[in-house]
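Structure record follows, encoded as structure tokens.
Each value in this text was obtained by applying a stated rule to the coordinates, not by laboratory testing. Just so it is clear, the structure is predicted and the values come from calculations on it, not from any experiment. Here the Cβ positions follow ideal geometry from the backbone for every residue, glycine too, while neighbour counts run over all protein chains shown.
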Amino acid sequence: MWKKLALVLLTLLLIAGGVMFYLWRQVTALPEWYSEELAAGPEAAAVEVAPVKPDGKLAWKQTGKRKELRNFHKRAAKQDPVVAKVIKASRASFEDGTLEMGVVADLRNLPNDKLNPSQRELFQKVHDNFPSATDREIYIGVEDPAPVLKNGQIELGPTAKLKIGDITYDLDAAAARLGMSAASLRAQFNDEARRLGVTAP
């Protein structure tokens, strides 16, 4: 009887370990485009930087029905050393009304001494709720089937989702886990998109 019980417990432990490993792999997955960019080398990545129009706005590149903005963070990185240290790559795409936008970030490089108290508190909440997001390079983005595009700006719509690695979270649920309102999380995203110079496609 004890052998059967031990076998059942071992099986359950292996299943739980497998599930945890799978979830860890999903959360820490980096996008395919980033792996391709790394394989291509820095010269190819430099060519793909989003072009800047004469009026200073980043220009989306049209390919068929899809619009894309690659490495939009690079211009902001030239002016802000924190962006240069933390954001490794960025990409946005817009197709059939759906916006996908995100960055590969390494939050280990976030200088705590340069964060204001609310930013420090948010980082601590991210660390507590998504610990794997703060100890390696990780993809953080949004998927929004109905973004609000007005006055040349992007704002997240009511059905936007937060994406960390390959796992998608309902934005309201993610905000609740972080101890903030969904409106605050949306506002932070909208402000960050503007700070990085990303305009509506």
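Across segment 187-193, computed HN-Hα scalar couplings (Karplus, 6.51 cos²θ - 1.76 cosθ + 1.60, θ = phi - 60°) run 4, 5, 5, 4, 5, 5, 4 Hz from first to last residue, x flagging Gly and Pro. Cross-link check: pairs Lys74/Lys114; Lys125/Lys161; Lys65/Lys125; Lys67/Lys114 evaluated at a Cα-Cα cut-off of 27 Å; pairs beyond the cut-off: Lys65/Lys125; Lys67/Lys114. Think of segment 77-198 as a dipole: +1 on every Lys or Arg Cβ, -1 on every Asp or Glu Cβ, centred on the Cα centre; then among Tyr139, Phe123, Ala160, Phe123 lies furthest on the positive end.
Which part of segment 57-82 falls in the paramagnetic zone of Asn190, meaning amide N under 17 Å from the point 7 Å along Cα-to-beta-carbon? Answer for segment 57-82: none. Electrostatic tally near Ala146: other residues with Cβ closer than 12 Å to its Cβ, Lys and Arg +1, Asp and Glu -1, net -3.
Between amide H atoms placed 1.01 Å from N, distances below 5 Å from Ile154 occur with Ala200, all of them 5 or more places distant or on a separate chain. Close amide H contacts of Ser90 (hydrogens built in the peptide plane, cut-off under 5 Å, sequence separation of 5 or more or a different chain): Asn71, Phe72, His73, Val104.
In plain terms, the chain from Leu149 to Ala59 could stretch by 30.9 nm, reckoned as 0.36 nm per residue minus the Cα-Cα distance.
3J(HN,Hα) couplings calculated from phi for segment 61-78 with the Karplus curve 6.51 cos²θ - 1.76 cosθ + 1.60 (θ = phi - 60°) are, in sequence order, 9, 8, 9, x, 8, 9, 10, 9, 10, 9, 6, 5, 6, 4, 5, 5, 5, 5 Hz; Gly and Pro show x.
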